[in-house]
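One structure below.
What follows is calculated from the coordinates using simple rules that are stated; it is not laboratory data. The shown structure was predicted, so the numbers you read here are calculated from the model rather than taken from an experiment. Note that we place each Cβ from the backbone using ideal geometry, even for glycine, and neighbour counts take in every protein chain shown.
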Amino acid sequence: MIMSITIPSNKKRFPIVFVISFLLTVGGAYNITRELHDRTEQLSYWTYLVLLFPLFYCIVSFLEFMKTRFNKNAALTVSETGVNDNLSIFSCGEIPWSDISNVEIKRAFNADFLVIQLINNDKYLTGKNIIIKNTLRKWVKKWGSPIIISEKRVDYNLTELKEIILKEKL
């Protein structure tokens, strides 16, 4: 049995989602202001709604970037009591060993993801705000769990981490 392993978030990770959504937001706003300047008629509300999607991703990815980069507590901790996931704004927090059913590595988007499967996913969705809850529900639908750790999120070998968690689980 291990005492405690703390794996900090990867602070060197480039915030690609933030940069792309920021550029799309600025580009869309520029096009709208150019259209308003060139036309005498007003644009429809649909034109403005197009900006909501990149703006939403820009804000969420900025908050995620700030947590990952500047929060000292942004880490994954494996201890005698369980796994404490505090790597992102979508983290589920403390997960006792009794709630973990399995751990597996899945590959998607040219990256490996550690999926910590839970006995009751809904237990970790309650009490979350609507944006986080909907994101975690999408993860449960796609991955089978709300706890997904990308290889790019941590500076640690996911296969070793999987073995540590499975060893502790037993």
Counted neighbours (other Cβ, 10 Å), sorted fewest up, put LEU51, LEU166, LEU136 in the order LEU166, LEU51, LEU136
If each part is reduced to its alpha-carbon centroid, segment 136-170 and segment 51-109 end up apart, in Å, by 10
Dividing the helical contributions, -39500 (n - 2.57) per DSSP H run of n ≥ 4, by the residues of the chain yields a 222 nm value, nearest 500 deg cm²/dmol, of -14000 deg cm²/dmol
Classified through the alpha carbon gyration tensor (a ≥ b ≥ c as square roots of its eigenvalues; rounded if a/c is under 1.5, else prolate when a/b is larger than b/c, else oblate), segment 71-130 comes out rounded
Two pseudo-spin positions, 7 Å from Cα along C-beta at ILE131 and at GLU80, lie apart in nanometres by 3.9
If one compares the long axis through the Cα atoms of helix 16-38 with the longest principal axis of the Cα atoms of the chain, the angle in degrees, nearest 10, works out at 10
Interchain or sequence-distant (5+) residues whose placed amide H lies within less than 5 Å of the amide H of VAL154 are ASN10
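Which of rounded, prolate or oblate describes segment 1-149 when judged by the alpha-carbon gyration tensor and an a/c cut-off of 1.5? All intermediate terms of the calculation are to be shown ahead of the outcome.
Values: a/c = 2.98, a/b = 2.26, b/c = 1.32.
It comes out prolate by the Cα gyration axes.
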In degrees, nearest 10, the alpha-carbon axis of helix 130-143 is tilted away from the dominant principal axis of the alpha carbons of the chain by 60
For PHE90, the residues 5 or more places away or on another chain with a placed amide H closer than 5 Å to its own amide H are none
Per its Cα gyration tensor (rounded if a/c is under 1.5, else prolate when a/b beats b/c, else oblate), segment 86-170 is best filed as oblate
Among chymotrypsin sites (Phe, Trp or Tyr not before Pro) in segment 84-170, those in a DSSP loop whose Cβ has at most 12 other Cβ atoms within 10 Å are PHE109
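If we count trypsin sites (Lys or Arg not before Pro) as exposed when they sit in a DSSP loop and have at most 11 other beta carbons within 10 Å, what is the longest stretch of the chain that avoids them all?
73-170
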Phi-derived 3J(HN,Hα) across segment 85-100 with the Karplus relation (6.51, -1.76, 1.60, θ = phi - 60°), rounded Hz, x for Gly and Pro, is 9, 9, 7, 8, 6, 9, 5, 9, x, 6, 10, x, 4, 5, 8, 8
Between the Cα axis of helix 158-169 and the main Cα principal axis of the chain, the angle (0 to 90°, nearest 10) is 50
For segment 53-100, listing GluC sites (Glu not before Pro) in a DSSP loop whose Cβ sees at most 10 other Cβ atoms within 10 Å gives GLU80
